[in-house]
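A.B. asks: This is the structure, below, for whatever I ask next.
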Ligand code: AMP
Ligand code: MG
């Protein structure tokens, strides 16, 4: 007190200006700090066409946009490992016998694919590549392949002939017969979404949505006490925007597999992209869609395709055998079939 009184009026003025400045600076820190913890009402979003689909990553945590841009780039990184069609990818080189030494990451995904091939008893089979490559559903003008070609391609489909051995340097040696072609298209997007989520969590994104062409993975909640609202598209909806279900999702994954995703008509006959490894033609099992709710997206992506190929009864039994995984099946009569715990995800307004 005494000392303050010793200050000249000018010094006292400067001191008050300085104090005010310090207060406003700390207030600014507080605001910025609060924003860091705070939930954004409008998310920061990046979007691009990658992995043959529209990818969108949104953060409701206040982070630099470059973090999301870098997360988006992971799609390219993984495409260079898992793509069946990209000539520079690691999988392409394996399929074309340019190498039999593979990274642990490719081995991990192949191993997951082999496990689900086993679980489904070969109805799902990651060696479907020799057949899926001649169908080529991504072409502008897809056509039904020659039946003899399908039969010939089928002779290379057998997941039991693929073997992985770990090497001392952390790589793996893959052993599979000449002509075998791996197709990880049914499972890679789920795995990539999980890796993007890991990256975002490491960079302080605690609330967000990763959407890889309808393969959705949520990080945390949208805000405290509010889950993310995720719409599942109605198969074959004319307007493209009608929903078959609205879900309330918190830190979980929603993945759908369906006939409507890639298909074409030839001579009035409908052909879709999920193929039966015992005939080489699309499955005809009266399913339109299988949507899986699970904590991670790898499981969701694997099980959505596996349940599709198993059909409603076997697929539903498989889901009921898993803890924490739920499913909605839609049959071609437009009826929805729910697993026993799916209720808790349904948002009924
Ligand atoms: P999804 O959209 O996740 O259900 O995966 C569909 C993709 O899985 C197709 O585009 C093919 O790449 C691949 N695929 C098709 N049929 C099978 C099958 N029977 N087993 C494993 N993968 C398949
Ligand atoms: Mg899938």
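The values are calculated or read from the model by the stated rules, or taken from the named source; none is laboratory data. What you are looking at is a predicted structure, and each value in this text was computed from that prediction instead of being measured. Here the Cβ positions follow ideal geometry from the backbone for every residue, glycine too, while neighbour counts run over all protein chains shown.
A.B. asks: Please give the number of the condition residue 145 fails out of (1) more than 16 Å from ligand 2 (Cβ to nearest atom); (2) surrounded by 16 or more Cβ atoms within 10 Å (Cβ to Cβ); (3) touching a residue at least 60 places away in the same chain (Cβ under 8 Å).
C.D. replies: Going through the list (1) more than 16 Å from ligand 2 (Cβ to nearest atom); (2) surrounded by 16 or more Cβ atoms within 10 Å (Cβ to Cβ); (3) touching a residue at least 60 places away in the same chain (Cβ under 8 Å), residue 145 breaks only (3).
A.B. asks: Could you tell me how many of the residues in the stretch 102-128 are over 19 Å from the mean Cα position of the chain (by Cα) and within 12 Å of residue 82 (Cβ to Cβ)?
C.D. replies: Summing the residues that are over 19 Å from the mean Cα position of the chain (by Cα) and within 12 Å of residue 82 (Cβ to Cβ) in the stretch 102-128 gives 2.
A.B. asks: Out of the stretch 156-178, which residues are within 28 Å of the chain's Cα centre (by Cα), more than 13 Å from residue 102 (Cα to Cα) and surrounded by fewer than 12 Cβ atoms within 10 Å (Cβ to Cβ)?
C.D. replies: Residue satisfying the conditions is 160 alone.
A.B. asks: Looking at the stretch 291-344 only, could you name the residues that are closer than 26 Å to residue 221 by Cβ and within 12 Å of ligand 2 (Cβ to nearest atom)?
C.D. replies: Step one: filter the stretch 291-344 for residues closer than 26 Å to residue 221 by Cβ, giving 291-304, 319, 322-328, 336, 338-344.
Hits for the stretch 291-344 are 291, 292, 294, 297, 298, 299, 300, 301, 302, 303, 304.
A.B. asks: Also, quick follow-up: Just one of 71, 107 is more than 16 Å from ligand 2 (Cβ to nearest atom), within 27 Å of residue 318 (Cα to Cα) and surrounded by 17 or more Cβ atoms within 10 Å (Cβ to Cβ); which is it? Steps first, please.
C.D. replies: Numbers: 71 fails: within 27 Å of residue 318 (Cα to Cα).
Result of the check over 71, 107: 107.
Matching residues to (1) touching a strand residue (DSSP E or B) at 6+ places or on another chain (Cβ under 6 Å); (2) closer than 17 Å to residue 211 by Cβ; (3) exposed (fewer than 13 other Cβ atoms within 10 Å of the Cβ); (4) at pLDDT 90 or above:
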| residue | (1), (2), (3), (4) |
| --- | --- |
| 15 | no, no, yes, no |
| 19 | no, no, yes, no |
| 32 | no, no, yes, no |
| 53 | no, yes, no, yes |
| 82 | no, no, no, yes |
| 96 | no, no, yes, yes |
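A.B. asks: Right, residue 153: within 13 Å of ligand 1 (Cβ to nearest atom), surrounded by 19 or more Cβ atoms within 10 Å (Cβ to Cβ) and over 25 Å from the mean Cα position of the chain (by Cα) or not?
C.D. replies: Yes, satisfied.
A.B. asks: When you scan the stretch 253-260, do you find a residue that is in a loop (DSSP other than H, G, I, E, B) and modelled with pLDDT of 95 or more, even just one? Working first, answer last.
C.D. replies: Let us first name the residues in the stretch 253-260 that are in a loop (DSSP other than H, G, I, E, B), namely 259-260.
Imposing the further condition that a residue be modelled with pLDDT of 95 or more reduces the set to none.
No, there is no match, as no residue in the stretch 253-260 is in a loop (DSSP other than H, G, I, E, B) and modelled with pLDDT of 95 or more.
A.B. asks: Further question: Which of (1) touching a strand residue (DSSP E or B) at 6+ places or on another chain (Cβ under 9 Å); (2) at positive phi; (3) away from ligand 1 (no atom under 16 Å from the Cβ) does residue 201 not meet, given it meets every other one?
C.D. replies: For residue 201, the failing item is (2).
A.B. asks: Continuing with the same structure: Does any residue in the stretch 172-183 that is at positive phi come within less than 9 Å, Cβ to Cβ, of a residue that is within 13 Å of ligand 1 (Cβ to nearest atom) and not in a loop (DSSP other than H, G, I, E, B) six or more places away or on a different chain, and which pairs are these?
C.D. replies: 179/130; 179/153
A.B. asks: What number of residues within the stretch 179-215 satisfy the criterion of being more than 13 Å from ligand 2 (Cβ to nearest atom), closer than 13 Å to residue 129 by Cα and surrounded by fewer than 24 Cβ atoms within 10 Å (Cβ to Cβ)?
C.D. replies: Total meeting the criteria: 3.
A.B. asks: Give the number of residues within the stretch 110-122 that are buried (at least 19 other Cβ atoms within 10 Å of the Cβ) and in contact with a helix residue (DSSP H, G or I) (Cβ under 7 Å, 6 or more places away or on another chain).
C.D. replies: So the first thing to find is which residues in the stretch 110-122 are buried (at least 19 other Cβ atoms within 10 Å of the Cβ), and the list is 110, 112-114, 116-117, 120.
Then drop every residue that is not in contact with a helix residue (DSSP H, G or I) (Cβ under 7 Å, 6 or more places away or on another chain), which leaves 112, 114, 116-117, 120.
Summing the residues that are buried (at least 19 other Cβ atoms within 10 Å of the Cβ) and in contact with a helix residue (DSSP H, G or I) (Cβ under 7 Å, 6 or more places away or on another chain) in the stretch 110-122 gives 5.
A.B. asks: Go through (1) within 13 Å of ligand 1 (Cβ to nearest atom); (2) modelled with pLDDT of 95 or more one by one and return the number of the condition residue 139 breaks.
C.D. replies: Every condition holds for residue 139 apart from (2).
A.B. asks: For the stretch 230-249, indicate whether the set of residues that are crowded, with 20+ Cβ neighbours inside 10 Å, assigned to a loop (DSSP other than H, G, I, E, B) and either on the phi < 0 side of the Ramachandran plot or within 16 Å of ligand 1 (Cβ to nearest atom) (or both) is non-empty.
C.D. replies: From the stretch 230-249, those crowded, with 20+ Cβ neighbours inside 10 Å are 230, 232, 245, 247, 249; that's our starting set.
Adding the requirement that they be assigned to a loop (DSSP other than H, G, I, E, B) leaves none.
No - not one qualifying residue is present in the stretch 230-249.
A.B. asks: Please list, ordered by first then second residue, the pairs with beta carbon atoms under 6 Å, 6 or more apart or interchain, first in the stretch 299-317 and closer than 17 Å to residue 189 by Cβ and at pLDDT 95 or above, second more than 8 Å from ligand 2 (Cβ to nearest atom) and assigned to a helix (DSSP H, G or I).
C.D. replies: 302/116; 306/116; 307/315
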